[in-house]
1. Quick one: in segment A:1-17, of everything that is of a type in the set (A, V, I, L, M) and either in a strand (DSSP E or B) or modelled with pLDDT of 95 or more (or both), which residue is farthest from the ligand (Cβ to nearest atom)?
2. Sort through B:Lys142, B:Lys103 and tell me the only one that's touching a residue at least 60 places away in the same chain (Cβ under 8 Å), loosely packed, with under 12 Cβ neighbours inside 10 Å and not aromatic (Phe, Trp, Tyr).
3. Only helices (runs of 4 or more DSSP H) wholly contained in segment A:109-210 count here; list those with 1 or more residues that are within 16 Å of the ligand (Cβ to nearest atom) and of a type outside the set (Gly, Ala, Ser).
4. Mind listing just one residue for me: the one in segment A:25-43 that is open to solvent by 70 Å² or more (accessible area, probe 1.4 Å) and under 19 Å from A:Arg58 (Cα atoms) and, of those, nearest to the ligand (Cβ to nearest atom)?
5. Looking at segment B:49-71, which of its residues are under 22 Å from B:Gln139 (Cα atoms), open to solvent by less than 90 Å² (accessible area, probe 1.4 Å) and among the aliphatic types (A, V, I, L, M)?
6. Collect the residues in segment A:21-54 that are within 13 Å of the chain's Cα centre (by Cα) and charged (D, E, K, R), keeping them in residue-number order.
7. Just a yes or no: is a residue in segment B:115-130 within 13 Å of the chain's Cα centre (by Cα), assigned to a loop (DSSP other than H, G, I, E, B) and away from chain A (no Cβ under 11 Å)?
8. Tell me which residues, restricted to segment A:98-108, are open to solvent by less than 20 Å² (accessible area, probe 1.4 Å) and not in a loop (DSSP other than H, G, I, E, B).
Amino acid sequence: MSETTPTNKPQWAMVIDLDRCTGCEACVVACNVENNVATVGAEEAAKGRTINWIRIERYFEGEYPDVRVKFRPVMCQHCEEAPCEPVCPVYATYHTDEGLNAQVYNRCVGTRYCANNCPYTVRSFNFFDHVWDAPLQKAWNPEVSVRSRGVMEKCTFCVQRIKAGEAKAKDENRDVKDGDVTPACVQTCPTKAMYFGNIADPTSEVAKLSKSSRATKLLEDLGTKPKVIYLNEGE
Amino acid sequence: MKRGLKIFLLVGVAILIAVWLAWRAASQPVAPDQPIAYNHWQHISKPDGPQLDCDFCHEYADKSAHATIPNITTCMGCHEAVKTDSPEVQKLAAYAQRQEQPKWVRVYFFDPEADVFFSHKPHVKANIACTDCHGNVPQLQKMRREVKHTMGWCIECHRQRKVSIDCYVCHR
Ligand code: SF4
């Protein structure tokens with residue numbers, strides 16, 4: 001929870017237009033595949049041991065037959081004042097100078113303090129070493145670690161894609177721009193409900209959308225300063 | 001009492017010897033036997049040799065994450081005609097005949113549990129010499145691991161060159 005130091009590094013942020021989200025969960029599937037997220041099976045899921053980097057929350061409004069369902073994709077909010085960071089005794093979760101809330105798997109000792117302190121409950125713990133039914137392990141993304149038992153994990157904003165995008169921009173001797181980095185969920189969303197980019201660049205799409213009158217942040221009054229901005233439904 | 005002391009001393013000495021042997025084995029450079037006894041010195045440094053550059057064979061070092069080991073068609077480009085009387089080159093020719101790649105044993109690698117995502121490209125682009133990280137390979141008759149790639153060793157260089165030491169640079 002260090003003071004944000006001024007930096008010329010990109011500050012990654014996401015905008016989600018709730019007017020567009022249909023709750024199809026394609027983003028959830030894309031995330032699981034991109035990031036080697038394990039499925040734990042029905043038995044463990046019943047004990048609350050599922051692993052999810054992104055989930056779709058459902059809200060029902062009104063009485064039958066006049067019901068309206070609202071959907072809200074929720075992933076790690078990459079808070080600037082992240083409550084998970086100061087409670088980690090081994091600095092396994094910390095803030096990068098690019099505004100990401102990072103999780104270092106081989107530093108994590110599995111105290112689970114961070115998950116307890118996360119108001120968005122977006123952190124998942126690996127209660128055991130997961131088994132991928134053959135031949136699914138052949139579909140592992142080689143750019144992402146396969147987490148082992150005893151470590152915490154959560155959305156990274158697809159840091160492997162961020163690093164690849166930054167490397168490409170460096171090769172071409174320019175700053176990162178919109179389109180260089182597209183996390184798996186954003187890429188997959190069929191209704192284009194999600195946007196991702198460098199919010200420090202005022203010309204980027206996320207910077208423009210974040211100024212919308214519809215823009216809100218989840219549990220903003222906690223003072224966590226989330227980096228995910230939701231655009232509320234219009235009237 | 002006296003006997004107890006004797007046994008204690010004997011066991012102590014045995015443990016010390018075992019530790020010393022283990023330490024000596026661990027500090028020995030790793031030099032696995034390869035399917036063909038390839039000689040780096042002969043190809044790079046030998047005065048009347050071909051004097052190849054590293055990237056003649058490891059041609060993707062400046063283009064991708066992996067430096068890559070060449071396909072044996074690269075070897076056969078010369079060895080179709082050169083030194084065909086050497087038994088090692090004959091082994092190579094036999095591989096080529098069978099259209100099979102030798103199963104080279106990796107010398108430098110990261111433990112998969114380290115979750116390290118290293119890329120050669122940015123390092124080559126930053127003009128780090130191959131020998132800085134791989135030791136004096138041009139003088140080696142048999143390839144061996146001379147440099148220990150520990151995290152502290154990486155960080156030290158990153159600090160000196162004032163490049164990022166953020167965890168996400170390597171671990172993700
Ligand atoms: S893929 Fe898009 S529309 Fe579907 S649930 Fe995710 S955000 Fe909503």
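1. A:Ala13
2. Criteria check complete, one pass: B:Lys103.
3. A:184-188, A:205-209
4. The selected residue is A:Glu25.
5. Hits for segment B:49-71 are B:Leu52, B:Ala61, B:Ala67.
6. A:Glu34
7. No, the conditions are met nowhere in segment B:115-130.
8. Answer for segment A:98-108, where residues must be open to solvent by less than 20 Å² (accessible area, probe 1.4 Å) and not in a loop (DSSP other than H, G, I, E, B): A:Asn101, A:Ala102, A:Gln103, A:Tyr105.
The values are calculated or read from the model by the stated rules, or taken from the named source; none is laboratory data. Since we're looking at a predicted model, the values are computed, not measured. With ideal geometry, Cβ positions are generated from the backbone for all residues, glycine too; neighbour counts draw on all protein chains shown. Heads up: the accessible areas ignore ligands, DNA and RNA and are worked out on the full protein's heavy atoms, side chains in. Shrake-Rupley method; radii C 1.70, N 1.55, O 1.52, S 1.80 Å.
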